[in-house]
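The values are calculated or read from the model by the stated rules, or taken from the named source; none is laboratory data. What you see is a predicted model; the values in this text were computed from it and never measured. Counting neighbours? That spans all protein chains shown, and the Cβs are built from the backbone with ideal geometry, glycine included. SASA here: full protein model, heavy atoms, side chains in, ligands and nucleic acids out. Shrake-Rupley method; radii C 1.70, N 1.55, O 1.52, S 1.80 Å.
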Amino acid sequence: MSAPLVIRLPGEPRGKGRHRTRVMQLPGGRAAVRQHPDAKTDAYEKRLCAAAQVAMAGRPLMTGMLSVVVFAFFPIPARWPKRKKEQARARLLRPTVKPDWDNIGKTTDALNAVVWGDDASVVDGFVRKFYADLPELVVTVEEISVRDAVAEALPRTRRPA
């Protein structure tokens with residue numbers, strides 16, 4: 001197993017935006033639907049892809065079962081009183097604002113063919129949101145063993161009758 005990969009993307013974390021849809025008129029009066037990604041999402045994912053390429057530093061694509069941990073550090077609002085800012089720095093207050101945690105995690109699609117072949121190899125992962133003085137997205141990717149892949153507290157599964 002290779003060492004964990006840590007990707008750091010400075011700036012406020014973004015979630016994956018919704019695709020945009022446009023209806024176009026084709027010659028002959030027919031209509032066609034064209035879908036394209038949200039421009040801000042596209043730019044953010046390109047920056048994440050570039051940060052991943054730097055972090056990879058020529059190492060081969062990660063294979064096998066992968067674990068992905070995403071930490072999204074949001075800026076502490078300037079309008080907050082000093083006491084509340086200190087609570088945020090101490091991790092006693094956490095962001096309950098947009099983007100949603102799942103949309104933050106979806107931005108890791110940008111790592112396909114850069115860090116791993118396909119994100120189907122990700123078998124474990126989570127996203128955590130915090131406040132920080134310096135906003136950034138930190139993504140850690142790690143190859144895990146079969147033993148690590150089995151959770152200790154799995155819910156009991158039903159057996160066929």
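Explain nothing, just the number: relative contact order of the range 2-161, from Cα pairs under 8 Å at least 6 residues apart, as a whole percent. Could you put the intermediate results ahead of the total?
Values: 264 pairs, mean separation 62.1, N = 160.
Worked out over the range 2-161, it gives 39 percent.
Here are several values of volume of the Cα convex hull per residue in Å³: (1) 147; (2) 213; (3) 173. Which one was derived from the coordinates shown?
Structure-derived value, by its label: (2).
What do you get for trypsin sites (Lys or Arg not before Pro) in the range 1-82 restricted to DSSP loop and a cutoff of at most 11 other Cβ within 10 Å of the site's Cβ?
Listed in order of number, the matching sites are ARG18, ARG30, ARG79.
Provide the FRET efficiency to the nearest 0.05 for the VAL123-ARG59 pair, computing r from the beta carbons and using R0 = 22 Å.
Details: r = 20 Å, r/R0 = 0.93.
E between VAL123 and ARG59, to the nearest 0.05, is 0.60.
Ignoring ligands, DNA and RNA, what percent of the accessible area of the chain is carbon or sulfur (1.4 Å)?
Numbers: 5870 of 10900 Å².
Exposed carbon and sulfur together represent 54 percent of the surface.
Quick check on the range 4-161: of the DSSP beta bridges with both residues there, what percent are antiparallel, nearest 5%?
60
Charges at C-beta only: +1 for Lys and Arg, -1 for Asp and Glu. How large is the resulting dipole of the range 39-129 about its Cα centre, in Debye rounded to 20?
Working: 16 positive and 9 negative charges, 204 e Å.
Here the range 39-129 has a charge dipole of around 980 debye.
Please name whichever of VAL69, PRO27, ILE144 sits farthest to the positive end of the charge dipole of the chain, dipole taken about the Cα centre and charges placed at Cβ: Lys and Arg +1, Asp and Glu -1.
PRO27
Taking 0.36 nm per intervening residue step and subtracting the Cα-Cα distance, what contour gain separates SER145 from ALA132 on full extension? Could the numbers behind the result be given before it?
Details: separation 13, 0.36 × 13 = 4.68 nm, distance 3.25 nm.
Residue separation times 0.36 nm, minus the Cα-Cα distance, leaves 1.4 nm.
Quickly rank 59-67, 134-142 as a protection proxy: mean count of other C-beta atoms within 10 Å, highest first.
Top to bottom by mean Cβ count within 10 Å: 134-142, 59-67.
Cα-Cα over 25 Å: which of LYS40/LYS82; LYS16/LYS84; LYS16/LYS82; LYS46/LYS98?
On the way: LYS40/LYS82 32 Å; LYS16/LYS84 29 Å; LYS16/LYS82 32 Å; LYS46/LYS98 21 Å.
Beyond 25 Å between Cα atoms: LYS40/LYS82; LYS16/LYS84; LYS16/LYS82.
Compute the accessible area per residue over the range 23-148, keeping the other protein chains in place, probe 1.4 Å, unit Å².
Values: 7610 Å² over 126 residues.
Per-residue value: 60 Å².
How would ILE144, ILE104 rank on accessible area, largest to smallest, probe 1.4 Å? Could the numbers behind the result be given before it?
On the way: ILE144 25, ILE104 0 Å².
Reading off the accessible areas and sorting them downward yields ILE144, ILE104.
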